[in-house]
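Right, one structure below, let's go through it.
The values are calculated or read from the model by the stated rules, or taken from the named source; none is laboratory data. The structure presented is a predicted model; accordingly, all values stated were derived computationally and were not measured. Here the Cβ positions follow ideal geometry from the backbone for every residue, glycine too, while neighbour counts run over all protein chains shown.
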Amino acid sequence: KPRVHFGSLEEQEAKRVKLDDGSPAPAPSSGGIDLESLVEDTDYDLSESAIRSRQADKDILDEFERRKRARNLAVPTDDARVRERLREIGEPQCLFGEGPGDRRDRLRYHLSVREGHEISSESEGESEEEAEEEEFFTPGSQHLLEARKWITTYSLPRAKKRIERQRAEQEIPLPQLKAERQELRDRLAGYTNWASQIADDRPIAQCVFTPDSSMLVTGAWSGVCKLWSIPKCETIMTFKGHTDRVGGIAFHPESTISLDKSVMNFATSGADALIHLWSLEKETPLATLEGHARRIARIAFHPSGRYLGSASFDGTWRLWDVERQEELLLQEGHSKEVFGIGFQCDGSLVATGGLDAIGRVWDMRTGRSAMTLEGHAKDILSIDWSPDGYHVATASADNTVKI
């Protein structure tokens, strides 16, 4: 019975070749064929389906590589910086219905598909952390120093008179105070709609009475402001100067009282990052204040009328000298957009509220942050002072008003 031998035939084949041509047999390989020695042959035709399949595989691998690069990219968390970065790479700053998170993801995507934008997340994170911890000072101008001194001399006598008035009010009997408050409440409860008027083709963002309540100014998303008579609600003048939505309207404290109509009586701000100063005689601006980088949400006059404050989506609020038509102060302090601003009746303090859900009280005489107003869960959309000088009201997107 023949025996069956198990094993490789490689040695037997090598001996046979050696006997045939007399050449030395190659050394046997214990691992079989070496794949590195194989020559890749790509000179052959593929079917259309095979080409599509190979391209699909390549696209999948490229997408995995892109996602890997995206994970290592450090993208700014500040929405303003995200917008600036998108503008630098030639992409739209904002798409319809897009929020800050979506915009940040879109920036990450565009950076990941561009070569040369791979940034080490660790090094970028360290640089951002160092920038946040770095303390810096901005030198003020001589005009700012003069303004601080003037505000000090202006506010102290007003504060003295306010305190004297409040002390005198404490002497009023409590029943008399209750009767006066009840009378005021009854009068306010009787308020009803007096008139209605279509003011613009676009939504109306602001409407403000003149100090003597004889007229009203409206500001619309079209960028147009109109002056209306009260109570007839007839258009007196149309002011055209803004190219984007009007966000803020503020009257000079002495407008329609002691100011002439030909001089600056009120100011407006808009999403075009401009502040226009207007008279009550011309339909074009008397002057324009420039400096903010983004939309100016609200503006307010200092009680003296010499200065104007503005709150902007560039994360700063600014103080302007209306007479010189120049910027005196650029103040940071909010981590997000600044939406509201209001001056205290004495003129010594100013309050600002931002989309970081934080309100701040600033001392105009020293430039320091005097108080932080915390407690809101969402954006602060409005902020104002009580006539008593020591109460501040804030209205927020969390559906609450806090005092």
Legend entry - Every residue from the range 335-354 that is buried (at least 22 other Cβ atoms within 10 Å of the Cβ) and within 13 Å of the chain's Cα centre (by Cα): V338, F339, G340, G353, G354
Legend entry - Only listed residue being closer than 25 Å to A293 by Cα, assigned to a helix (DSSP H, G or I) and at pLDDT 80 or above, chosen from L107, L95: L107
Legend entry - Residue in the range 303-318 that is in contact with a Gly (Cβ under 9 Å, 6 or more places away or on another chain), surrounded by fewer than 23 Cβ atoms within 10 Å (Cβ to Cβ) and closer than 30 Å to R162 by Cα present: yes
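Yes/no per residue for (1) closer than 20 Å to L107 by Cβ; (2) modelled with pLDDT of 80 or more:
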| residue | (1), (2) |
| --- | --- |
| P26 | no, no |
| G31 | no, no |
| E36 | no, no |
| D43 | no, no |
| E48 | no, no |
| E63 | yes, no |
| L73 | yes, no |
| D78 | yes, yes |
Inset, instruction - Can you give me the number of residues within the range 376-403 that are basic (K, R) and either exposed (fewer than 14 other Cβ atoms within 10 Å of the Cβ) or closer than 21 Å to I249 by Cβ (or both)? - result: 1
Inset, instruction - Name the single residue, out of those in the range 234-271 being of a type in the set (S, T, N, Q), in a strand (DSSP E or B) and surrounded by fewer than 23 Cβ atoms within 10 Å (Cβ to Cβ), that is farthest from the chain's Cα centre (by Cα). - result: T235
Inset, instruction - Within the range 210-232, count every residue that is surrounded by 14 or more Cβ atoms within 10 Å (Cβ to Cβ) and either in a loop (DSSP other than H, G, I, E, B) or not charged (D, E, K, R) (or both). - result: 16
